[in-house]
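Since every read-out is calculated from the coordinates, none of them should be taken as a lab result. Computed from a prediction, not measured in an experiment: that's the story for all the values here. Backbone-built Cβ (ideal geometry, glycine too); neighbour counts: all protein chains shown.
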Amino acid sequence: MLLGTGGGQRIFEHRSQTSQALVHGDSVILIDTGFNAARQIAWAGLDAGSIDMIFITHDHRDHTQHIGHVLHAAWAAGRTDPIHIYSYPGIGDVIDAGLAEIGNHDAAAVRGLAVLHELTEPGVIYRDDDIRVTSVENTHGMDYSYAFRFDMPDRSVVFSGDTGYDERVVELARGADVLVHEVVYMPLIEETVIAARDDPETRQQMRQHLTTNHIPTELVGQVASEADVGMLVISHIVPVEMTANDDHLLLDVLERHYDGPIVIGRDLMRL
Ligand SMILES: [Zn+2]
Ligand SMILES: [Zn+2]
């Protein structure tokens, strides 16, 4: 499920689904906890008290900002069992800041739910009788940034995280049923963000960043094709101003590179 939520302080972040939920039996697993993640969990009709695990792809605010609020929502829903959090080292500070912002006098009890597992190495990071979670490092210009693959009895789902084209992500996604991947639609970026800068060097730096630490549309199609995934789901779309009316722009490019089913993500979409 694409929870929606997302970048920085934008309240109506309608096309930048940075956060996702996997529902497995009675268990809810979150992948990232961006702005308004707790609200989106409620709107999705999920029980915050059933959140058993949270996987954080990397240390950018649009992916982490409301983890404290999510834990608080779980606690308020009656959660007393631990919530296991698999993350880059340092997510505890984001939790503490979030709980301070909420200012609830039960912050210590909320904080006590969180069991932190620091991810410093890729590989199999979690395994039980029916779920295996594997991570690889991706390309996002940071010390710790990961893509995750969830292998479950009925489905395998891969989340790219924020990344440029990366063969490690292709390998991770190989043969998966579903690949959820970020995208940057460069033609609109060129017309807006980049065109707004006067300095050619700044323009080039932005272009470089958005096409190497993030990924242009055609390469997302290439990743899906090379990995031979069963379905490509586009999520965390940049620029965020793209609406459902612009889906054809993405599809036009993606379909040239990948011939499987493609879903352009929307907040609260269930797949
Ligand atoms: Zn990022
Ligand atoms: Zn991001």
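Listed peptides 215-224, 115-124 appear in the order 215-224, 115-124 once ranked by packing, highest mean of other Cβ atoms within 10 Å at the front. At R0 = 51 Å, how high is the FRET efficiency between ARG256 and ASP198 if r is their beta carbon distance? Nearest 0.05 is fine. Computed FRET efficiency for ARG256 and ASP198 comes out at 0.95. Going by a ≥ b ≥ c, the root eigenvalues of the Cα gyration tensor, does region 46-109 fall in the rounded group (a/c under 1.5), the prolate group (a/b larger than b/c) or the oblate group? It is oblate, given that a/c is not under 1.5 and a/b is not larger than b/c. Between ALA114, ALA176, ALA76, the residue with the greatest mean-square fluctuation in the GNM of the chain (Cα pairs under 10 Å linked by springs) is ALA76.
Where does each of VAL170, VAL23, VAL183 land when they are ranked from fewest to most other beta-carbon atoms within 10 angstrom? Could you put the intermediate results ahead of the total?
Numbers: VAL170 20, VAL23 14, VAL183 26.
Fewest-to-most ranking of VAL170, VAL23, VAL183: VAL23, VAL170, VAL183.
With the charge dipole of region 121-271 set up from +1 on Lys and Arg Cβ and -1 on Asp and Glu Cβ about the Cα centre, the Cα lying farthest toward the positive end among the listed residues GLY141, ALA244, THR192 is that of ALA244. DSSP beta bridges confined to region 121-271 are antiparallel in about 55 percent of cases. Computed about its Cα centre, the charge dipole of region 1-120 is approximately 300 debye, with only Lys, Arg, Asp and Glu carrying charge at their Cβ. Going by the alpha-carbon gyration tensor, a ≥ b ≥ c the square roots of its eigenvalues, is region 1-120 rounded (a/c under 1.5) or, if a/c is not under 1.5, prolate (a/b greater than b/c) versus oblate? Here region 1-120 falls in the rounded category. How many angstrom lie between the Cα centre of region 103-133 and the Cα centre of region 28-83? First find each Cα centre; the distance between them is then 11 Å.
Here the dipole of region 59-176 is about 240 debye; that uses its Cα centre as origin and unit charges on the Cβ of Lys and Arg (positive) and Asp and Glu (negative).
Give the shape of the chain as rounded, prolate or oblate, defined through the alpha-carbon gyration tensor: a ≥ b ≥ c are the square roots of its eigenvalues, a/c under 1.5 means rounded, and otherwise the shape is prolate if a/b is larger than b/c and oblate if not. Mind showing how you got there, number by number?
Numbers: a/c = 1.72, a/b = 1.37, b/c = 1.25.
Prolate, since a/c reaches 1.5 and a/b exceeds b/c.
Taking each DSSP H run with n ≥ 4 as -39500 (n - 2.57) and averaging over every residue of the chain yields -9000 deg cm²/dmol at 222 nm. Each DSSP beta bridge with both residues in the chain is either parallel or antiparallel, and the antiparallel ones are about 50%. Rounded to the nearest 20 debye, the dipole magnitude of the chain is 440 debye, with +1 charges on Lys and Arg beta carbons, -1 on Asp and Glu beta carbons, and the Cα centre as origin.
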